[in-house]
Amino acid sequence: MTTALNTLFITAEGTRLNKEGECVVVTVQDQKKAEVPLRHLRSVVCLTRAWLTPELMESCLEAGIHVSFFGMTGRFLARVEGVPGGNVLLRRQQYRAADDIARSVAISRALVVGKLGNARQFVLHARRDAAPERQEALSETARRLSEHLRALTRVEDLEQVRGLEGIAARDYFESFPALLKKSAQGFEFDGRNRRPPRNPLNAMLSFGYALLAQDCAGALAGVGLDPAVGFLHEDRPGRLSLALDLMEEFRAPVVDRLVFSLVNRGQLKPGDFRTESAGAVLLKDDARKTFLVAYQEAKQVGVRHAFLGQETTWGMAPHLQSLLLARHLRGELDGYPPFAMR
Amino acid sequence: MTVLICYDVRVSDPQGPRRLRKIARACRDHGVRVQYSVFECVLEPKDWVVLRARLLGAFDSECDSLRFYFLSEDDARKTEHHGARAPLDVEGPLVL
């Protein structure tokens with residue numbers, strides 16, 4: 001399983017992908033760029049218009065490799081996957097749990113506990129390296145997140161869980177200016193905005209979350225769950241609600257951490273972004289490449305899975321959490337154990 | 001596991017080019033070509049069984065040779081490459 005987790009990102013205009021033997025051959029402007037054995041891949045992500053041969057598409061679907069397509073602005077368009085994995089019995093359990101208010105509340109609460117706990121850890125980690133004047137703001141955020149975590153144990157219905165999650169998210173985003181080093185100029189943050197993101201930080205967050213959502217959807221589909229039927233997120237046509245649920249635990253430690261380290265280390269500068277006439281801020285092509293490389297590297301970083309008691313990587317974590325969720329839905333685990341980082 | 005595979009095939013033999021192609025194809029399906037007759041393959045044990053059988057079935061023990069070097073993670077890290085055709089790191093970020 002571990003050798004087959006890589007993602008092939010296509011970012012160059014005019015890329016053609018075809019199959020030779022058991023390999024994907026990547027050709028850009030009639031020049032052969034790479035040959036990747038299919039067995040190393042878990043997904044192919046096309047961030048630009050790419051051309052795939054039907055033979056390759058067939059092999060990807062047979063090998064369980066997901067192919068996803070994003071629009072030129074980074075908007076998610078479609079994902080192609082083969083026959084769903086797992087079995088229908090598990091999916092029925094999932095639907096029943098989603099219809100059962102009490103179980104939905106329990107799972108949603110666990111997801112939010114994971115989210116807030118990891119956000120708090122991320123803020124505390126950042127505080128260690130922060131300048132003294134920023135430390136206070138970060139401590140305050142961590143304290144508020146602890147309060148919300150305590151409040152969570154008392155909420156009884158789904159609306160309250162969602163409400164609390166919203167309040168906590170706002171408090172957490174308020175700490176974002178304090179996460180920026182002084183050297184990181186031109187990355188002002190005045191709150192989260194999306195559709196379209198209106199400043200560079202929001203543009204990176206949106207792009208990172210879109211990638212993470214696809215990884216989570218792939219992980220869920222891999223164990224046979226339906227990524228579209230969630231607990232915390234309501235059903236909505238075209239939305240991968242369960243993928244968004246699963247993603248909550250990983251937003252802060254994977255995407256937010258990555259975004260702030262790129263900015264604070266000066267790997268991305270305000271000049272790496274461009275503004276469209278409608279006010280949407282987008283990453284320029286080179287910046288997008290830098291971001292993708294950093295994202296893939298962030299997934300290689302090791303982390304300890306406290307519940308399973310084993311070393312793993314951030315890239316593996318959504319797969320492990322999907323397995324644990326499936327076990328819970330099957331009734332083998334009393335509750336869903338969220339991923340808790342230290 | 002990482003296996004470094006090297007081969008020599010006698011191409012002057014009438015069946016030589018055919019065997020060479022077969023061996024190269026088997027290696028390419030499982031790994032990355034680092035030089036003309038040298039491949040690095042990162043494999044699950046079950047894939048190694050398949051690849052090894054394919055290679056041993058394709059070569060002619062009378063006139064060809066096959067060498068397998070099993071690399072530890074540490075050995076792989078100690079590898080240097082200089083010059084043209086730097087091979088693709090199939091486990092690293094693949095952004096093209």
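Throughout, read-outs are computed from the coordinates displayed, never taken from laboratory work. Worth saying up front: this structure is predicted, and the values here are computed from it rather than measured. All Cβ positions, glycine included, derive from the backbone under ideal geometry; neighbour counts span all protein chains shown.
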* Quick one: of A:Lys115/A:Lys289; A:Lys32/A:Lys284; A:Lys115/B:Lys46; A:Lys19/A:Lys269; A:Lys115/B:Lys78; A:Lys181/A:Lys284, which pairs are farther than 31 Å apart, Cα to Cα? => A:Lys115/B:Lys46; A:Lys19/A:Lys269; A:Lys115/B:Lys78
* Structure fact -> Percent relative contact order for region A:174-257, counting Cα pairs under 8 Å at least six residues apart, stands at 21 percent
* Once you charge only the Cβ atoms, +1 for Lys and Arg and -1 for Asp and Glu, what is the size of the charge dipole of region B:2-73 about its Cα centre, to the nearest 20 debye? -> 280 debye
* With only Lys, Arg, Asp and Glu charged, each at its Cβ (+1 for the first two, -1 for the last two), find how big the charge dipole of the protein assembly as shown is about the Cα centre; round to the nearest 20 debye. => 440 debye
* Structure fact -> GNM on chain B, Cα springs under 10 Å; top mean-square fluctuation among B:Asp13, B:Asp64, B:Asp47 goes to B:Asp13
* Structure fact -> Restricting to Cα pairs under 8 Å and 6 or more apart, the percent relative contact order of chain A works out to 16 percent
* To do: Report the dimensions of region B:2-73 along its three principal axes from the alpha-carbon atoms, largest first, rounded to Å.
  => 38, 22, 18
* To do: Taking H placed 1.01 Å from N in the peptide plane, check which residues at least 5 places from A:Leu333 or on another chain put their amide H under 5 Å from its amide H.
  => A:His328
* **Estimated FRET transfer efficiency (A:Asp190, A:Ser261; beta-carbon r; R0 25 Å; 0.05)** => 0.75
* Once amide H atoms are built 1.01 Å from N in the peptide plane, which residues 5 or more positions from A:Glu20, or in another chain, come under 5 Å H to H? -> A:Val25
* To do: Specify the angular offset, from 0 to 90 degrees and rounded to the nearest 10, of the alpha carbon long axis of helix B:16-30 from the longest principal axis of the alpha carbons in chain B.
  => 30 degrees
* **Contact order relative to length of region B:2-73, as percent, for alpha carbon pairs under 8 angstrom and 6 or more apart** => 50 percent
* Using the membrane-span-like helix rule (whole DSSP H runs, Cα extent along the own axis of at least 27 Å, mean Kyte-Doolittle hydropathy at least 0.5), which helices of chain A qualify? -> A:200-223
* J(HN,Hα) series, region B:71-84, from Karplus relation 6.51 cos²θ - 1.76 cosθ + 1.60, nearest Hz, glycine and proline x -> 9, 7, 4, 5, 4, 4, 5, 7, 6, 10, 10, 10, x, 5
* **Karplus-derived HN-Hα couplings along region B:2-15 (A = 6.51, B = -1.76, C = 1.60, θ = phi - 60°), whole Hz, x at Gly and Pro** => 10, 10, 9, 10, 10, 9, 10, 10, 7, 7, 6, 5, x, 8
* Structure fact -> re the protein assembly as shown: pairs of Cα atoms spaced beyond 39 Å account for a percent value of 27 percent
* Structure fact -> For A:Lys299, the aspartates and glutamates lying under 18 Å Cα to Cα, once residues fewer than eight places off in the same chain are dropped, come out as A:Asp215, A:Glu248, A:Glu249, A:Asp256, A:Glu311, B:Asp89, B:Glu91
* In a Gaussian network model over chain A where Cα atoms closer than 10 Å are linked, find which of A:Pro54, A:Pro253, A:Pro197 has the largest mean-square fluctuation. => A:Pro54
* **Percent antiparallel among DSSP beta bridges (both partners in the protein assembly as shown, rounded to 5)** => 75 percent
* Tell me, what is the Rg over Rh of region A:1-149, with Rh the Kirkwood radius over Cα pairs? -> 1.14
* To do: Only loop residues by DSSP count here, and only those with at most 13 other Cβ atoms within 10 Å; note down the chymotrypsin sites (Phe, Trp or Tyr not before Pro) in region B:2-74 that meet that.
  => B:Tyr36
* Asked: Which of the chymotrypsin sites (Phe, Trp or Tyr not before Pro) found in region A:227-276 are loop residues per DSSP with 11 or fewer other Cβ atoms within 10 Å of their Cβ?
  -> none
* Asked: Mind listing the phi-derived Karplus ³J(HN,Hα) values for region A:177-185, rounded to whole Hz, using 6.51, -1.76 and 1.60 with θ = phi - 60°, and x for any glycine or proline?
  -> x, 6, 7, 8, 6, 4, 5, 7, 8
* To do: Return the single residue from A:Gly271, A:Gly117, A:Gly315 with maximal mean-square fluctuation; model: Gaussian network over chain A, springs between Cα atoms under 10 Å.
  => A:Gly271
* **GluC sites (Glu not before Pro) lying in DSSP loop within region A:6-71, provided at most 14 other Cβ fall within 10 Å** => A:Glu13
